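The values are calculated or read from the model by the stated rules, or taken from the named source; none is laboratory data. Just so it is clear, the structure is predicted and the values come from calculations on it, not from any experiment. Cβ coordinates were reconstructed from backbone atoms using ideal geometry, including for glycine residues, and neighbour counts include every protein chain displayed. These accessible areas exclude ligands, DNA and RNA; they are computed on the full protein's heavy atoms, side chains included. Shrake-Rupley method; radii C 1.70, N 1.55, O 1.52, S 1.80 Å.
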Amino acid sequence: MTSNSSAGVSSQVDGVVLRFPAKPGYLSLCRVNASTVGSMLGFNLDELDDLRLAVNESVTWLLLGSGSAEGIVELELEGSDGELRLVATRHQAGLTDEPVDDLVGAILGATVDSYATSSSTDRRQMRFAKRASFE
Amino acid sequence: MTEARDLERDRLFARYSDTKIAADRDSLLASYTPLANFFANRYSRRGVDLEDLRQVAQLGLVAALDRFDPEVGVKFATFAGRTIDGELKRYFRDKTWAVRVPRSLKEISVEVRDAAALLTSELGKSPTVPQLAEVTGHSEDVVIEALDVQSSGYRAHSLEAPVGSEDGLTIGDGLASERREIEISDIKMAVESMLLTLEDRERRILKLRFFEDKSQREIADELGISQMHVSRIIRTTLEGLRTELDPS
């Protein structure tokens, strides 16, 4: 991890990978880890609030649909130059297609800078990126 | 006396194992109720009514009786003790721990939120975690955990809220299994109609935040309320919408 001139802010953070059962009980783990990485990158409280909402909605979306509470979720976090990138993937055979509904889409659209999803029968993935404003 | 009682219990166990006669089961339960109460008493003075604890212990005793296999060679009292203790621990974990934040962290959470409000006012912008850590004297890790506790109103009542006494089963589990039945067009209609049911201010805040992409700070300024208040309204309103969308 390297630091830039701003006190306590890292220009690059080590990648973090979480692997946990596809159960909602692990949501707080995701939020706290994402907040930690976001804070290292210089996110302020507004941005951390948004980040927690986005992580919540993203992982919740992964958990929806067939085979609920089964399978494994992998959450990868990395960041550099004030940008946090998250890739959350659920691995589970026989997943049904679960579109991102309007409300979740609106929340993600407002809380992160970009997001994308992809699905197949054995994998569902959410990616997003969020930048610190340094305002 | 004890020997005679043990012999009587052994006889009851043997007969109950073979015949499953309800009267034998009741006699065995009555016979071991003092054991269940003993374990319940060990967990008293932890903010839970003793009568509730005794009921939980009794459930553990019933479970032990149902699962006990005399052929294994372990004494029932030993087996029942472990089962009852496990039931009580699970009770505290599911019913208490999951929804009750440790007092110290709760207090820190309030402290952090107050400090955040003060710093936001002083700096004219949202503070960072290191700034909050410096002002409150807590480590950055603790500040981050405290921030997550603040959103527990959104969290504890949503996906992670435990349902019933089944191990690890949460609202989210039920929600997920229900959701696959709902067509996306129905969801869209549901969301639109639910937005109409919100109070004017809540609807306006959600619209500003998620459809006009305004920051919490901008919304707070526009509505003349604090940013903390906006944050809280967004969390509770989203939670309300989720509950409406997925009543399971």
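Grab the DSSP H runs of chain A that are 4 residues or longer, score each as -39,500 (n - 2.57), total them, divide by all residues and round the 222 nm result to the nearest 500 deg cm²/dmol. Show your work: numbers first, answer last.
On the way: 3 runs with 43 residues, N = 135.
Mean residue ellipticity at 222 nm (helix-derived): -10500 deg cm²/dmol.
Using a 1.4 Å probe and counting only protein heavy atoms, how much accessible surface gets buried when A and B come together, both sides summed, in Å² to the nearest 100? Kindly include the intermediate steps, with their values, before the conclusion.
Working: alone 6820 and 15770 Å², together 19020 Å².
Approximately 3600 Å², summed over both chains.
Please state, as a whole number in µm²/s, the translational diffusion coefficient that the Stokes-Einstein equation yields for chain A at 37 °C and 0.692 mPa s, with Rh defined as the Kirkwood radius across alpha carbon pairs.
Working: Rh = 15.0 Å.
It diffuses with D of about 219 µm²/s by this estimate.
If I model a spin label at B:R90 and B:E218 as a point 7 Å from the Cα along the Cα→Cβ vector, what separation in nanometres do I get?
5.1 nm
Could you work out the Rg to Rh ratio of the stretch A:95-135, with Rh taken as the Kirkwood radius (inverse of the mean 1/r over all Cα pairs)?
Working: Rg = 12.5 Å, Rh = 11.6 Å.
Reported Rg/Rh (Cα atoms, Kirkwood Rh): 1.08.
Taking 8 Å as the Cα distance limit and 6 or more residues as the minimum spacing, I'd like the relative contact order of chain A as a percentage.
Working: 280 pairs, mean separation 35.5, N = 135.
Relative contact order here is 26 percent.
Accessible area, 1.4 Å probe, largest first: how do B:K89, A:K23 sort? Each step should come with its number before you reach the end.
Details: B:K89 115, A:K23 90 Å².
Sorted descending by solvent-accessible area, the residues read B:K89, A:K23.
Just to verify a number: FRET efficiency for A:E76 and B:K75, C-beta to C-beta distance, R0 = 56 Å, to 0.05? If you can, show how the numbers build up before the last one.
On the way: r = 50 Å, r/R0 = 0.90.
Here the calculated transfer efficiency is 0.65.
Read phi for every residue in the stretch A:103-116 and hand back ³J(HN,Hα) as whole Hz from Karplus 6.51 cos²θ - 1.76 cosθ + 1.60, θ = phi - 60°, with x for Gly and Pro.
Once rounded to whole Hz, the list reads 5, 4, x, 5, 5, 5, x, 8, 9, 10, 7, 7, 8, 8.
Where the accessible area of the stretch B:101-150 is counted over protein heavy atoms with a 1.4 Å probe, how much of it, in %, is carbon and sulfur? Spell out each step's value before the answer.
Values: 1280 of 2490 Å².
So the carbon and sulfur contribution to the accessible surface is 51 percent.
Could you give the accessible area per residue of the stretch B:2-97, probe 1.4 Å, as a whole number in Å²? Mind dumping the intermediate values first?
Details: 5940 Å² over 96 residues.
That works out to 62 Å² per residue.
Among A:L103, A:L53, A:L84, which one shows the biggest mean-square fluctuation in a GNM of chain A, springs joining Cα atoms closer than 10 Å?
Comparing A:L103, A:L53, A:L84 in the GNM, the peak value goes to A:L103.
So if we plug the beta-carbon distance of B:A63 and B:A4 into 1/(1 + (r/R0)^6) with R0 = 41 Å, what FRET efficiency do we get, rounded to 0.05?
Rounded to the nearest 0.05, the efficiency is 0.90.
Quick check on packing: order B:224-230, B:3-9, A:58-64 by the mean number of other C-beta atoms within 10 Å, highest mean leading.
In descending order of packing, they fall as A:58-64, B:224-230, B:3-9.
List the residues whose amide H sits under 5 Å from the amide H of A:S133, counting only those 5 or more places along or on another chain, with H placed 1.01 Å from N in the peptide plane.
Correct list: A:N44.
Say each of B:S139 and A:R123 gets a label point 7 Å from the Cα, pointing the same way as Cα to Cβ; how far apart are those two points in nm?
Using points 7 Å along Cα→Cβ, the separation is 3.6 nm.
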